Structures are given as C-alpha cells and as structure tokens.
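Working notes, structure below.
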Amino acid sequence: VNDFLGDGHDRWRSGSIIGSHMYGQEWQGQHPGGIGDIIEMRILGQVIAPADLRSPDPGDRAYAGALSIGAHTHFERNGFDIAMGADLTLVGPSTGLSHLQEALHDLAGMDEPSDTVLNAQIGNEVAVTGVVEAGYMVDLSESAQIRPFVEARAGDETLVRAGFDLTFGQFGRNELLVRDPISGQRYQTTYQKRAGWSFLAGADIAYVDSSIYLPASSGVTLEDTRERYRLGLNWQGEKSSVYYGATWLSPEFTGQSEGQVVGAIRIRFNY
C-alpha cells in the first residue's frame, strides 16, 4: 500500500506492506466453528510522514515508522464471520524503517527524510493491540455479495468502526479474506479456482479515541472521526492473480489540509 500508487504524492500514510501466513485445519470453503482452528500470523510494516520530507510545516504530523507482528484467529458464530487477535507493535527509530525509506528514495531519486524530520519522529515505543471484527455476508445474486461489518481496536490506535464491503464477481466467495488495517482493502489468503474479473467497493466510518502516531506532545490535534471509501479490481487466472485498489482516507488530524488516496497492489504467481 502506497500513497504514490494512489494520488501520486508521498505523505501522511506514506507506505506499508502486510503479509499473512495461515496455520491450522484445511480450508473447506467456510469459516470453522472453533476459535483457534485457523491461526493467521500477520506482519505489518508502515511509514507515516509529514507532507514535506525536507522542510515540513510546523503544524504537520510527525514522522513515524511502525513494525507489528501478531496472531489472529478466524471463525464463525451464528452466521457471523469473526476475526480476533492481537499484535505487538514497535514504533520509532529502532524499527529501522526510516533507513529503509531513505535507501528506497535514494534508489528512486526521490527526496529523503531530512535530519529535521527524523529528529522529530515519534520515539521508541511498544504497544500491544487487540483487534476484533465481525461481519455478516449477504448474497445479492450469484455474482454479488454485500458484507456489513463492525470492528473494535485498542492499543496503537483505539477506535470503533462500522462499514460494508460490496463485491461483484467471484473474489472472496468461499475464500478467507483479511483486511489491511491502513487502506481497508481485503486480500485473499485462500483461493478458489474461479478465473475472471471482480469489482469491489466499500466504505466505513470510525470514532477514534487515541493514536500513538498522533500524540498530543507532537503539537497536533487528533480528528475523532475517520472515513474510508475504497474501490478495487481483481483479475484471477488459473495460476496467477492481480489486484489493485484505491482508498480515499479522510484527514486524521486538524492540521491536515485534505484527505489522501492510497493505492494497494497485490500480485500472485503459482509456478
């Protein structure tokens, strides 16, 4: 997920990468009934930055690098599919993500974070985050589904969220999907061999109580509501698939002049 793949800038929710590895019983096309029957090991790295990496506005947000690893279980209760788990999040210079961004920007000939930006970044901190999401799938037709959902998160960011995901096509049907916490886009961790195109749309709104990425000590004021609106397109063949999604994120702090569009891409090859 990267801002450059969305509106072409390099700011705020600048970039992230997420990966999941699944353990447990063989996937049978639906969520199992037992908690712990399927365990997802999830890793997420993200960089958050001010709009100007060289000479930021005094009212802009502080730079932050965050790396998290966690375990989540996926199961079903009374028709609701539920994801529940916890992540350990490391924030600050010790993650090394600022050096990674410097190297990538140097390779691409882009501006690197200045010493001013890096010296003012969010300091080293550790947070344990609990997350639970519950959704209910409704078939609108043989090729269309809508899934209303609610989510609660407490830790690195504490919030409650409600929204929906709408799918036209076979993407996600009888598959186990995981939500990217930044963009809200969902991605496959299991696959059914159904070639073709799928179109996805979704939206959600959250009430935000706190965020370690926007502490009061940084001089900015947290917006207590957030909105996300997303579109996605997936092509799946016999041995490969390509997904691209774009998400508009509303401003996260009062000094943020506008929302931003981040792009998400996932390419899969079997060989």
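Remark: region 154-161, residue by residue, has Karplus-estimated 3J(HN,Hα) of 9, x, 4, 9, 10, 7, 10, 9 Hz, where x stands for each Gly or Pro and the curve is 6.51 cos²θ - 1.76 cosθ + 1.60 at θ = phi - 60°. Rolling a 1.4 Å probe over the protein heavy atoms of the chain, with every protein chain left in place, gives an accessible area that is 58 percent carbon and sulfur.
For the pair region 194-229 / region 35-114, the C-alpha centres are spaced 14 Å from each other. The calculated 222 nm mean residue ellipticity attributable to helices in the chain amounts to -1500 deg cm²/dmol, summing -39500 (n - 2.57) over DSSP H runs of n ≥ 4 and dividing by all residues. With all protein chains in place and ligands, DNA and RNA left out, the 1.4 Å accessible area ranks 131, 150 as 150, 131, largest first. Taking 52, 180 and ordering them by how much accessible surface each has at a 1.4 Å probe, largest first, produces 52, 180.
The values are calculated or read from the model by the stated rules, or taken from the named source; none is laboratory data. Values in this document were obtained by computation on a predicted structure and should not be read as measured data. What goes into the accessible areas is simple: the full protein's heavy atoms, side chains included, and nothing from ligands, DNA or RNA. Shrake-Rupley method; radii C 1.70, N 1.55, O 1.52, S 1.80 Å.
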